[in-house]
1. Hey, what did the stretch 232-286 get for relative contact order, percent, Cα under 8 Å, at least 6 apart?
2. State the antiparallel share, in %, of DSSP beta bridges confined to the chain, rounding to the nearest 5.
3. Enumerate the calculated ³J(HN,Hα) couplings along the stretch 71-79 in order (Karplus 6.51 cos²θ - 1.76 cosθ + 1.60, θ = phi - 60°), each rounded to whole Hz, writing x wherever the residue is Gly or Pro.
4. Can you give the local net charge around Glu36? Use residues other than it whose beta-carbon is closer than 13 angstrom to its beta-carbon, Lys and Arg +1, Asp and Glu -1.
5. Can you list the residues, at least 5 places off or on another chain, whose amide H is less than 5 Å from the amide H of Ile12, using H built in the peptide plane?
6. For the pair Ser203 and Glu167, how long in nm is the line joining their label points, each one 7 Å along Cα→Cβ?
7. List the trypsin sites (Lys or Arg not before Pro) in the stretch 1-84 that DSSP assigns to loop (not H, G, I, E or B) and whose Cβ has at most 11 other Cβ atoms within 10 Å. Which are they?
8. Run the count for the chain, please: Lys pairs, Cα-Cα under 30 angstrom, 8 or more apart or on different chains.
Amino acid sequence: MKFSGKTRVLGIIGSPVGHSLSPAMQNAAIDELGIEYVYVPFPVEPDFLGQAVEGLRRLGVWGFNVTIPHKSTIIPFLDKISPEAELCGAVNTVCREGDFLVGYNTDGIGFLASAREDLQYDPRGSSVLLLGAGGAARGAIAALASAGVARIVIANRTGARGLALREMFRAVFPAVEFAVSSLAAAELAGHLPNVDLLVNTTSVGMNGTSFEYFPLSELPDTAKVYDMVYVPAETPLLAEAKGRGLACANGLGMLAGQGASAFKLWTGLDAPCAAMKQKLLEELER
């Protein structure tokens with residue numbers, strides 16, 4: 001890296017933020033292209049979020065990512081947000097556009113790019129079942145519906161949350177059929193035989209945790225399984241799916257994909273995705 005008075009500063013805000021792999025990934029991309037940027041972590045406690053955003057603005061920081069717990073609470077402190085971010089109710093990337101700070105959400109874009117590349121998944125006319133109804137699910141739904149899926153089933157522990165998502169997205173994407181399911185094995189089993197893509201958007205799978213009595217055997221042999229968890233690299237869900245011979249992918253590609261989209265927004269350049277993925281793998285191996 002080279003630094004001068006012209007170096008543009010990028011970063012990530014969150015609490016905590018020390019565990020983030022984004023600095024390593026983004027700086028690898030910067031090095032690969034030899035551009036005069038640097039990406040640094042900014043730990044920001046929730047009570048000081050507004051002051052931190054204004055400070056980043058005044059310091060001339062060129063752009064930054066947003067992670068837990070600020071993805072939704074940052075919105076009032078921005079000048080405007082993209083339609084995707086508004087639909088998701090969350091921002092993960094902020095860009096300086098003139099005197100304005102504009103919020104975007106690249107999580108759904110990153111997920112869909114990874115599913116296409118890692119699973120050779122074609123969303124057009126397909127049927128998808130999503131596990132979870134949180135922020136990650138909202139980003140995935142927005143991306144999938146925009147890409148032309150025919151049906152999306154939202155399976156969640158809390159029925160009211162799934163119903164709320166169904167009604168919200170049904171109004172925006174009337175051509176897509178939306179359904180809601182609990183996580184009960186018997187109810188899931190009724191949806192799985194027609195699923196082309198199963199996506200876990202929850203934290204289940206971290207530290208070896210698993211869904212109880214998940215009827216994975218009901219998936220067709222042509223189905224693909226995507227788990228947004230990437231630590232461990234093979235979750236119990238993916239291990240079982242692989243045992244059935246199903247095409248599988250974890251969330252590492254999504255992390256790289258959302259980062260690549262953010263990189264393009266900040267720099268106007270296509271991100272070196274291979275270098276970003278390689279750096280992520282190196283960091284995880286440590």
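Nothing in this text is a laboratory measurement; each read-out follows from the coordinates by a stated rule. Quantities reported herein were computed from a predicted structural model and do not represent experimental measurements. Here the Cβ positions follow ideal geometry from the backbone for every residue, glycine too, while neighbour counts run over all protein chains shown.
1. Normalised by residue count, the contact order of the stretch 232-286 is 24 percent.
2. 20
3. 4, 9, 6, 6, 3, x, 8, 9, 7
4. That sum, taken over residues with Cβ under 13 Å, equals +2.
5. Long-range HN contacts for Ile12: Val40, Phe42, Asn65.
6. Here the modelled spin labels are 2.8 nm apart.
7. Lys2, Lys6
8. Lysine pairs satisfying the spacing and distance rule in the chain number 22.
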